[in-house]
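Colleague: Once you've had a glance at the structure underneath, I'll fire off some questions.
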Amino acid sequence: MESKPALAGKTVLLTGATSGIGWEASISFARMGARLIMIGRDAGKTAQKLEEVRQRSGSATVDSLLCDFSSQAQVRRLAEEFRARYDTLHVLVNNAGTVFPKRTVTSDGIESTFAVNYLGPFLLTNLLLDVLKASAPARVIIVSSSGHYGGTMDFSDLGFEHGYQIMRAYGRSKLAAVLFTRELAKRLEGTEVTVNALHPGAVATSIWDRAPAYTRPIFSLAKRLFMISPEAGAETIVYLATSPEVEGKTGLYFEKNRPRFPSRLAQDDAMAQQLWDQSARLVKLGA
Ligand SMILES: NC(=O)c1ccc[n+]([C@@H]2O[C@H](COP(=O)([O-])OP(=O)(O)OC[C@H]3O[C@@H](n4cnc5c(N)ncnc54)[C@H](OP(=O)(O)O)[C@@H]3O)[C@@H](O)[C@H]2O)c1
């Protein structure tokens with residue numbers, strides 16, 4: 001007798017599904033029978049990637065929605081569109097992420113790295129919490145990075161108005177992602193909704209093409225010499241979404257399918273709470 005695919009009957013929403021790690025995770029989820037909603041930001045690219053996933057997986061239960069995470073209005077619209085079309089959510093993967101060589105600010109007045117990598121996912125997750133709870137057991141997965149180990153937090157200058165550097169901004173956004181994971185896990189105690197963060201490995205994807213021009217030869221060499229493939233980079237996401245080993249585990253940071261201590265700052269509970277409060281104000285949660 002054939003066994004049921006691991007995600008049969010489960011609704012999975014995956015952001016950053018149109019390239020790199022998220023694209024490979026999309027194919028895996030589709031092959032595992034999920035009702036998958038791929039989130040992309042460009043209509044043409046997303047439609048094309050959706051069709052490719054349908055073809056490569058042979059699954060007819062794959063859809064897509066659009067959202068640019070630099071816009072809070074678009075995040076709110078995504079949550080509304082999702083709720084209008086689907087009534088369950090078993091796995092939410094916040095994977096979309098990027099870097100900005102120069103400091104830019106979104107239409108909401110937020111430094112772009114912080115907005116796309118952390119604040120947009122913070123808002124989306126909060127807007128979908130009731131659906132997750134009603135679908136429990138459910139899992140939230142947040143793609144952070146080992147870059148969070150170098151991340152710092154400064155609540156008086158979250159957006160690096162004074163002294164922007166690409167990796168400092170990236171590190172802060174990924175530290176925020178782990179702090180969010182730990183604080184959300186606390187708030188979800190007793191709900192059977194778990195939340196875990198992960199580092200996917202150093203993965204050869206297009207994220208590195210947005211690094212400053214002078215560093216690109218280094219990344220290009222690193223891609224060939226030691227970075228892992230996007231397919232291998234998707235493994236920890238798929239593991240956290242499907243493995244019975246992580247059932248009930250929450251508030252953890254994973255690398256290579258194993259929990260690992262996050263940075264000292266990421267374990268600071270007071271900082272996690274302060275970040276939550278400030279984030280809730282920045283996205284006007286409850287408004
Ligand atoms: N690659 C690594 O070594 C590495 C290491 C640690 C952590 N990570 C994390 O892994 C995640 C996936 O990155 P990747 O390496 O797969 O990079 P990637 O190939 O560049 O993919 C990033 C994905 O995020 C989407 N995205 C970027 N900005 C967006 C925005 N403003 N709104 C909505 N979607 C947006 C991209 O959409 P488009 O397809 O339209 O560009 C793409 O689908 C990120 O969170 C990254 O920080 C990666």
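The values are calculated or read from the model by the stated rules, or taken from the named source; none is laboratory data. This structure is a prediction, so every number in the text was calculated from the model and none was measured. So basically every Cβ, Gly included, is an ideal-geometry build from the backbone, and we count neighbours across all protein chains shown. Only protein heavy atoms, including side chains, enter the accessible area calculation; ligands, DNA and RNA are left aside. Shrake-Rupley method; radii C 1.70, N 1.55, O 1.52, S 1.80 Å.
Colleague: Out of (1) open to solvent by 10 Å² or more (accessible area, probe 1.4 Å); (2) closer than 16 Å to Ile142 by Cβ; (3) within 16 Å of the ligand (Cβ to nearest atom), what's the single condition that is false for Thr215?
Modeller: Just one mismatch for Thr215, condition (2).
Colleague: How many residues, within segment 67-88, are in a helix (DSSP H, G or I), of a type in the set (A, V, I, L, M, F, W, C) and either touching a Leu at 6+ places or on another chain (Cβ under 6 Å) or open to solvent by less than 60 Å² (accessible area, probe 1.4 Å) (or both)?
Modeller: Qualifying residue count for the region: 4.
Colleague: Write out, first by first residue and then by second, each pair whose Cβ atoms fall under 8 Å of each other, whose residues are 6+ apart or on separate chains, and whose first residue, in segment 200-229, is polar (S, T, N, Q) while the second is surrounded by 13 or more Cβ atoms within 10 Å (Cβ to Cβ) and assigned to a loop (DSSP other than H, G, I, E, B).
Modeller: Cβ pairs passing all conditions: Thr205/Ser19; Ser206/Ser19; Ser229/Ala204.
Colleague: For segment 53-66, which residues satisfy the criterion of being free of Cβ contacts under 8 Å to residues at least 12 places away in the same chain and part of a helix (DSSP H, G or I)?
Modeller: Gln55
Colleague: Would you confirm whether or not segment 202-211 contains a residue that is under 22 Å from the mean Cα position of the chain (by Cα), crowded, with 20+ Cβ neighbours inside 10 Å, in a strand (DSSP E or B) and within 13 Å of the ligand (Cβ to nearest atom)?
Modeller: For segment 202-211, residues under 22 Å from the mean Cα position of the chain (by Cα), crowded, with 20+ Cβ neighbours inside 10 Å, in a strand (DSSP E or B) and within 13 Å of the ligand (Cβ to nearest atom): present.
Colleague: From the set of residues in segment 225-248 that are surrounded by fewer than 16 Cβ atoms within 10 Å (Cβ to Cβ) and in a loop (DSSP other than H, G, I, E, B), which is modelled with the lowest pLDDT?
Modeller: Across segment 225-248, the extreme among qualifying residues is Phe226.
Colleague: I'm trying to understand the selection: among the residues of segment 184-201, which are within 7 Å of the ligand (Cβ to nearest atom) and on the phi > 0 side of the Ramachandran plot? Full working, then the answer.
Modeller: Of segment 184-201, the ones within 7 Å of the ligand (Cβ to nearest atom) are 199-201.
If the condition is that a residue be within 7 Å of the ligand (Cβ to nearest atom) and on the phi > 0 side of the Ramachandran plot, then Gly201 is the only one that fits.
Colleague: Looking only at segment 270-287, decide whether some residue is surrounded by fewer than 21 Cβ atoms within 10 Å (Cβ to Cβ) and within 16 Å of the ligand (Cβ to nearest atom).
Modeller: no
Colleague: Let me ask another. So Arg168 fits all but one of (1) within 13 Å of the ligand (Cβ to nearest atom); (2) touching a Ser or Thr at 6+ places or on another chain (Cβ under 8 Å); (3) open to solvent by 60 Å² or more (accessible area, probe 1.4 Å); what number is the exception?
Modeller: (1)
Colleague: Filter segment 105-134 for residues that are open to solvent by 10 Å² or more (accessible area, probe 1.4 Å) and more than 11 Å from the ligand (Cβ to nearest atom) and give the result.
Modeller: The answer is Val105, Ser107, Asp108, Gly109, Ile110, Asn126, Leu127, Leu129, Asp130, Val131, Lys133, Ala134.
Colleague: Among the residues in segment 54-70, are any under 24 Å from His199 (Cα atoms) and more than 8 Å from the ligand (Cβ to nearest atom)?
Modeller: no
Colleague: Now for a separate question. Return the residue satisfying two criteria in turn: it lies in segment 232-246 and is within 15 Å of the ligand (Cβ to nearest atom) and of a type in the set (A, V, I, L, M), and of such residues it is farthest from His90 (Cα to Cα).
Modeller: This residue is Ala232.
Colleague: Same structure, new question: Could you grab the pairs with beta carbons closer than 7 Å, sequence gap of 6+ or different chains, first residue in segment 93-108 and without any contact (Cβ under 8 Å) to a residue 24 or more places away in the chain, second one part of a strand (DSSP E or B) and surrounded by 14 or more Cβ atoms within 10 Å (Cβ to Cβ)?
Modeller: The qualifying pairs do not exist here.
Colleague: Out of Ala185, Ala197, Ala177, I need the residue that is within 17 Å of Phe254 (Cα to Cα), open to solvent by less than 50 Å² (accessible area, probe 1.4 Å), touching a residue at least 60 places away in the same chain (Cβ under 8 Å) and part of a strand (DSSP E or B). Which one?
Modeller: After ruling out the rest, the residue left standing is Ala197.
Colleague: Could you list, in sequence order, all residues of segment 6-52 that are closer than 27 Å to Glu245 by Cβ, open to solvent by 20 Å² or more (accessible area, probe 1.4 Å) and free of Cβ contacts under 8 Å to residues at least 60 places away in the same chain?
Modeller: Of everything in segment 6-52, those that are closer than 27 Å to Glu245 by Cβ, open to solvent by 20 Å² or more (accessible area, probe 1.4 Å) and free of Cβ contacts under 8 Å to residues at least 60 places away in the same chain turn out to be Ala8, Gly9, Arg31, Gly33, Arg35.
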